[in-house]
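The values are calculated or read from the model by the stated rules, or taken from the named source; none is laboratory data. What you see is a predicted model, and the numbers here were worked out from it, not measured in a lab. Note: ideal-geometry Cβ built from the backbone for every residue, glycine included; neighbour counts use all protein chains shown. Side chains are part of the model used for accessible areas, which takes the heavy atoms of the whole protein and leaves out ligands, DNA and RNA. Shrake-Rupley method; radii C 1.70, N 1.55, O 1.52, S 1.80 Å.
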Amino acid sequence: MIFGRLDNLAAEAETLPANILEALQFLADTDLASADTGRVDIDEERLFAQVQDYTTQPASEKRPEAHERYIDVQYVLSGREKMGFAPMVGKPPVVEDLLEENDVLFFGEVQDESYLTFSAGSYAVFYPWDVHRPGCSAEQDEEVRKIVVKVRL
């Protein structure tokens with residue numbers, strides 16, 4: 001897992017893998033504030049974005065998840081949210097398997113979960129070995145616009 005801020009991209013660029021830097025550069029160079037929700041094609045199935053608008057919810061109402069075919073670059077454009085994350089230790093119990101349809105596994109509880117608070121401009125990179133729980137309320141439920149760039153492994 002990588003956590004950063006898009007306004008620090010110039011300083012962080014040398015430390016990032018090329019495919020992650022490409023995703024972050026798309027976020028930095030594209031006006032997504034007024035984009036329609038849904039998919040934005042960047043490079044077919046290798047790299048694409050999902051524009052999401054939603055209201056955060058208590059962590060107890062959100063499920064931890066992980067992916068196998070894509071890395072998630074989750075960027076909060078506006079609003080605030082908490083995201084839980086934990087290393088994939090063994091294989092937590094799967095409560096819903098949508099790998100075939102949507103490249104996502106949902107889990108019950110996971111061990112050693114920690115939370116970070118994301119404000120506008122914050123991003124995280126979640127690899128397949130990172131369980132994450134996005135969309136959680138920070139102090140209260142809040143409207144969020146998030147862009148998730150999917151990077152094919």
Cβ-Cβ under 6 Å, sequence separation 6+ or interchain: first residue in the stretch 139-152 and more than 26 Å from Asp103 (Cβ to Cβ), partner open to solvent by 10 Å² or more (accessible area, probe 1.4 Å) and not hydrophobic (A, V, I, L, M, F, W, C). Which pairs?
Asp141/Thr55; Glu142/Gly79; Glu142/Arg80; Glu143/Thr55; Glu143/Gly79
For the stretch 98-128, what are the residues that are part of a loop (DSSP other than H, G, I, E, B), touching a strand residue (DSSP E or B) at 6+ places or on another chain (Cβ under 6 Å) and exposed (fewer than 14 other Cβ atoms within 10 Å of the Cβ)?
Gly108, Asp112
In this structure, does Thr30 turn out to be surrounded by 12 or more Cβ atoms within 10 Å (Cβ to Cβ) and β-branched (Val, Ile, Thr)?
yes
Please determine, by comparing only the residues of the stretch 129-149 that are charged (D, E, K, R) and part of a loop (DSSP other than H, G, I, E, B), which one is least open to solvent (accessible area, probe 1.4 Å).
Glu142
Matching entry among Val51, Val40 (being outside any helix (DSSP H, G or I) and open to solvent by less than 20 Å² (accessible area, probe 1.4 Å))
Val51
Taking the criterion of being in contact (Cβ under 8 Å) with a residue 60 or more places away in the chain and either of a type in the set (Asp, Glu) or part of a helix (DSSP H, G or I) (or both), would at least one residue in the stretch 74-83 satisfy it?
yes
Only one residue in Pro87, Pro64 is in contact with a strand residue (DSSP E or B) (Cβ under 8 Å, 6 or more places away or on another chain) and buried (at least 20 other Cβ atoms within 10 Å of the Cβ), so which one is that?
Pro64
